[in-house]
Amino acid sequence: MALLPILQYPNPKLYTVAAPVGVVNDEIRKLIKDMSDTMYAAPGVGLAATQVNDHRRVIVIDISEAHDQLQVFINPEIIASSGTATCEEGCLSVPGIFEKVKRAERITVCALDARGHSFTLDAEGLLAVCIQHEMDHLEGKVFVDYLSRLKQQRILAKLKKQQRQVM
C-alpha cells in the first residue's frame, strides 16, 4: 500500500492540464492502486492523478458507504449533460473547506477502465458531481475557482492559519 502525497491548494501544480493516457498498462494500474489507497486513507470519495502530482488523465471514485465500489475513469470525456444542481463540495486538496458549486445534474461520461476497455456511464447526483469535480482537476481547475475572489481570499487565509497551527 503506497500512500501518495496530495498537493494542497494553492500549489501551482494543481493548475497543470493532464495529458491523455496512451496505453493502460501495469504502470497505470499501479497508479490506480496507489491513488485508491491514498483516497481511502484521506478519507475521500474521489481523487484525480493531478492531485498526487501525476499529470495523466486518471480518476478514481468510490461513493459507496462500504468503500468497496471503486470506479476508475481513464481519459474521461463528458459527452452529454443536462439540468443544473448546486451541491456543497469539498476537496482533498483544499482540506476543511466546503462550498456550494453549480454543476450539471446529469452527465454521460465515456472513459477507459483499469483494463483499458472503453465504457459509457450515465451518472446523476453525487456520482455526477464527483466525476465533474475530478475532471476539473484534469483540466487544471480546482473547485474554489468557481467561487468569488472574496471567498477565494478567505479560503487562502483559513488554509494558511490551519498550516500555522500544524507547525
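The figures follow:
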| item | result |
| --- | --- |
| Options 67, 55, 117; residue that is surrounded by fewer than 18 Cβ atoms within 10 Å (Cβ to Cβ) and closer than 30 Å to residue 160 by Cβ | 55 |
| Some residue of region 96-103 being exposed (fewer than 14 other Cβ atoms within 10 Å of the Cβ), modelled with pLDDT under 95 and not charged (D, E, K, R) | yes |
| Candidates 93, 82, filtered to the one that is polar (S, T, N, Q), within 26 Å of residue 32 (Cα to Cα) and at pLDDT 95 or above | 93 |
| Odd one out for residue 44 among (1) more than 12 Å from the chain's Cα centre (by Cα); (2) surrounded by 13 or more Cβ atoms within 10 Å (Cβ to Cβ); (3) assigned to a loop (DSSP other than H, G, I, E, B) | (1) |
| Some residue of region 15-34 being touching an Asp or Glu at 6+ places or on another chain (Cβ under 8 Å) and without any contact (Cβ under 8 Å) to a residue 40 or more places away in the chain | yes |
| Checking residue 34 against (1) modelled with pLDDT of 95 or more; (2) surrounded by 12 or more Cβ atoms within 10 Å (Cβ to Cβ); (3) closer than 20 Å to residue 127 by Cα, the condition it does not meet | (3) |
| Residue in region 77-85 that is touching a residue at least 60 places away in the same chain (Cβ under 8 Å) and in contact with a helix residue (DSSP H, G or I) (Cβ under 8 Å, 6 or more places away or on another chain) present | no |
| Qualifying position, being closer than 25 Å to residue 12 by Cα, touching a residue at least 60 places away in the same chain (Cβ under 8 Å) and not charged (D, E, K, R), among 150, 112, 138, 126 | 138 |
| In region 1-12, residue nearest to residue 48 (Cα to Cα) [restricted to those that are within 17 Å of the chain's Cα centre (by Cα) and loosely packed, with under 12 Cβ neighbours inside 10 Å] | 5 |
| Which numbered condition residue 69 misses (of (1) under 21 Å from residue 47 (Cβ atoms); (2) touching a residue at least 60 places away in the same chain (Cβ under 8 Å); (3) out of contact with any strand residue (DSSP E or B) (no Cβ under 8 Å at 6 or more places or on another chain)) | (2) |
| Test result for residue 105, in contact with a Lys or Arg (Cβ under 6 Å, 6 or more places away or on another chain) and farther than 18 Å from residue 49 by Cα | no |
| Complete set of residues in region 111-143 that are out of contact with any Cys (no Cβ under 8 Å at 6 or more places or on another chain) and of a type in the set (Val, Ile, Thr) | 131 |
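The values are calculated or read from the model by the stated rules, or taken from the named source; none is laboratory data. If you're wondering where the values come from, they're calculated on a predicted model, not measured in any experiment. Virtual Cβ from ideal backbone geometry, glycine too; neighbours counted across all protein chains shown.
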